[in-house]
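Novice: Here's a structure for you.
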Amino acid sequence: KEIYAAQMATVYSLAKLAESRDNDMEFHLERIGLVSELLAVQLRANPKYTHLINDTFISNVYHASPLHDIGKVAIPDAILCKPGRLDVDEMSIMKTHSAISAETMQVAQQRYGHNEFINMGIDIARSHHEKWDGSGYPDGLVGEGIPLSARIVAVADVYDALRSKRCYKESFYRTESKEIIEQGAGKHFDPEIVKAFLDCEEHIETIYKKMMEV
C-alpha cells in the first residue's frame, strides 16, 4: 500500500508540474479527478456499462485523469497562455498536446505493458478531446470507438473549463455550463455519460463549492 501510495503521489506531482504553467487552473486536476470518479460511479448503475466499470476502473479513472494534459509542457507559453482566441496555426500546435501526453506515457507502457493504470492514462490523454460524432482530435474516433475512460474525462474536463476563469474567458455560471453539457449529448459527448452527469449534478456542485471555499 505504501509503494502504491508513493507511485500515485509521484504521478500526481508530475501532473501538477505540468499544470503549474497555467495560473488559471488552480484545483483543476483535483476537480477533474473527483468529477470523473463520480461519473464512473454513477455510470456503473447503467446496465450498459455495469460489466465495464468495477472498483479498479473507478480507482484508475480517478488517479489517471489528472494526467490528461501533461503534454501541454511542450506547448509554447505564447500559445498556452495567450489571452485571446488562438488562430488556426496556433490551434494546430495546441492540439498536439493530447498525442504528446500519450506518447510520454507510452515509454512506461513499453516496460509495464499490462498495467491497467498506465493503459488507461494513455487512453485518457490521447482521446479526451475526441467527440461522439467523430469531429474531435487527434484520431477522429466516433462513438464507442472512443475509450470509455476518455469519454468520461471529456465531460469532466469540458465542464471544468466552462466553470473556470481562463486567460481567454470568464467563468460560466452553473446553469449555463450544465445546459452546454446537456446540449452536447450525441454530438460532443456520449449521451449515457451526459445522463449520468445530469443525475449526479447536485453532487458535482458540492465538489465545486468545497473547492471554492479552499
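Novice: Scan the stretch 176-195 for residues that are among the polar types (S, T, N, Q) and over 17 Å from the mean Cα position of the chain (by Cα) and jot them down. I'd like the intermediate steps shown before the answer.
Specialist: Initially, the stretch 176-195 is screened for residues among the polar types (S, T, N, Q), giving 177, 183.
Listed by number, the list holds a single entry, Gln183.
Novice: For the stretch 149-195, give me each residue that is surrounded by fewer than 20 Cβ atoms within 10 Å (Cβ to Cβ), under 18 Å from Asn46 (Cα atoms) and not charged (D, E, K, R).
Specialist: Ala185, Gly186, Pro191
Novice: Give the residues of the stretch 138-156 that are in contact with a helix residue (DSSP H, G or I) (Cβ under 6 Å, 6 or more places away or on another chain) and either part of a loop (DSSP other than H, G, I, E, B) or at pLDDT below 95 (or both), sorted by residue number.
Specialist: Going through the stretch 138-156, the residues in contact with a helix residue (DSSP H, G or I) (Cβ under 6 Å, 6 or more places away or on another chain) turn out to be 138, 146-147, 149-153, 155-156.
Pro138, Ile146, Pro147, listed by residue number.
Novice: Counting just the residues of the stretch 104-133 that are closer than 21 Å to Ala161 by Cβ and in contact (Cβ under 8 Å) with a residue 40 or more places away in the chain, which one comes out surrounded by the fewest Cβ atoms within 10 Å (Cβ to Cβ)?
Specialist: The first filter runs over the stretch 104-133 and keeps only residues closer than 21 Å to Ala161 by Cβ, leaving 121, 123-133.
After this cut, where a residue has to be in contact (Cβ under 8 Å) with a residue 40 or more places away in the chain as well, the list is 121, 124-125, 128, 131-133.
On the way: Gly121: 30, Ile124: 31, Ala125: 28, His128: 27, Lys131: 20, Trp132: 24, Asp133: 14.
Residue satisfying both the conditions and the ranking: Asp133.
Novice: Please tell me if Ser101 is under 19 Å from Tyr12 (Cβ atoms), assigned to a helix (DSSP H, G or I) and open to solvent by less than 20 Å² (accessible area, probe 1.4 Å). Show your work before the answer.
Specialist: On the way: under 19 Å from Tyr12 (Cβ atoms): yes; assigned to a helix (DSSP H, G or I): yes; open to solvent by less than 20 Å² (accessible area, probe 1.4 Å): yes.
So Ser101 fits the description; yes.
One line per residue, one yes/no per condition, for (1) part of a helix (DSSP H, G or I); (2) farther than 20 Å from Val11 by Cβ; (3) at pLDDT below 95:
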| site | (1), (2), (3) |
| --- | --- |
| Gly113 | no, no, yes |
| Ile118 | yes, no, yes |
| His129 | no, yes, no |
| Gly136 | no, yes, no |
| Tyr159 | yes, yes, no |
| Phe172 | no, yes, yes |
| Thr206 | yes, yes, yes |
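Conditions (1) more than 19 Å from the chain's Cα centre (by Cα); (2) among the acidic types (Asp, Glu); (3) outside any loop (DSSP other than H, G, I, E, B); (4) exposed (fewer than 15 other Cβ atoms within 10 Å of the Cβ), marked per residue:
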| residue | (1), (2), (3), (4) |
| --- | --- |
| Ala5 | yes, no, yes, yes |
| Gly33 | no, no, yes, no |
| Leu38 | no, no, yes, no |
| Lys48 | yes, no, no, yes |
| Ile58 | no, no, yes, no |
| Tyr62 | no, no, yes, no |
| Lys72 | no, no, yes, no |
| Gly84 | yes, no, no, yes |
| Glu90 | yes, yes, yes, no |
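The values are calculated or read from the model by the stated rules, or taken from the named source; none is laboratory data. Since we're looking at a predicted model, the values are computed, not measured. Heads up, the Cβs are rebuilt from the backbone with ideal geometry, glycines too, and the neighbour counts pull from every protein chain shown. Each accessible area value is taken on the protein alone, full model and side chains, heavy atoms only, with ligands, DNA and RNA left out. Shrake-Rupley method; radii C 1.70, N 1.55, O 1.52, S 1.80 Å.
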